[in-house]
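Below: the structure, in structure tokens.
The values are calculated or read from the model by the stated rules, or taken from the named source; none is laboratory data. Given the structure is predicted, the values throughout are model-derived calculations rather than measurements. Don't worry about glycine lacking a Cβ; one is built from the backbone with ideal geometry, like all the others, and counts go over all protein chains shown.
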């Protein structure tokens, strides 16, 4: 179980939530906002923020592997940070707009939820073994309709419509924070 709420809202937003339980749209927004708030003070660069964000999401949402791809403002996405991502195995990832799923998400600025990932498509490795995730979710990170990047996440559990809503809300909050950090540089 994850203790997702740390502040008090009008509804006393303290709740213990399992990934399979449903929470209201307002609660998902509070969770997304709280995740970003927790990371703000410790993130003085876009790379540190992206890595901390992936780590925080992984702990809250049973994510096994993740990538934050940053958009260069012209035509290319490159890997800014990863969670359980082996750069030596996969190399430096770059995608053009419309290229592969990350590039398509960037081009369309629309979330993609793949619920039946083929076995062997991605391998999640631990010290005890390896397996393929059941699902992938990719979503654009935007601020005021400006593309910042794309986040790709893998999990053994299926992503739900509630997850899609949560990641859409998180995307907006993360985009705002990434823009603030970029302006400080």
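Across the stretch 85-116, the qualifying residues are those that are over 16 Å from residue 149 (Cα atoms) and surrounded by fewer than 16 Cβ atoms within 10 Å (Cβ to Cβ), and the one among them that is modelled with the highest pLDDT is 115.
Flag: residue 161 does not match the condition of being closer than 13 Å to residue 112 by Cα and crowded, with 22+ Cβ neighbours inside 10 Å.
Quick one: in the stretch 121-137, which of the residues that are surrounded by fewer than 23 Cβ atoms within 10 Å (Cβ to Cβ), in a strand (DSSP E or B) and within 18 Å of the chain's Cα centre (by Cα) is modelled with the lowest pLDDT?
Initial filter on the stretch 121-137 (surrounded by fewer than 23 Cβ atoms within 10 Å (Cβ to Cβ)): 121-136.
Still in the running and in a strand (DSSP E or B): 124-125, 130-131, 135-136.
If we keep only those that are within 18 Å of the chain's Cα centre (by Cα) too, we end up with 124, 135-136.
Values: 124: 81, 135: 95, 136: 96.
It comes out as 124.
Screening residue 154 against (1) farther than 13 Å from residue 109 by Cα; (2) touching a helix residue (DSSP H, G or I) at 6+ places or on another chain (Cβ under 8 Å); (3) crowded, with 19+ Cβ neighbours inside 10 Å leaves a single unmet condition, (2). Selection of the stretch 95-120 for residues being under 17 Å from residue 162 (Cα atoms) and either free of Cβ contacts under 8 Å to residues at least 40 places away in the same chain or over 14 Å from the mean Cα position of the chain (by Cα) (or both) yields 110, 112, 114, 115. Residue 82 meets each of the listed conditions (1) surrounded by 13 or more Cβ atoms within 10 Å (Cβ to Cβ); (2) free of Cβ contacts under 8 Å to residues at least 24 places away in the same chain apart from (2).
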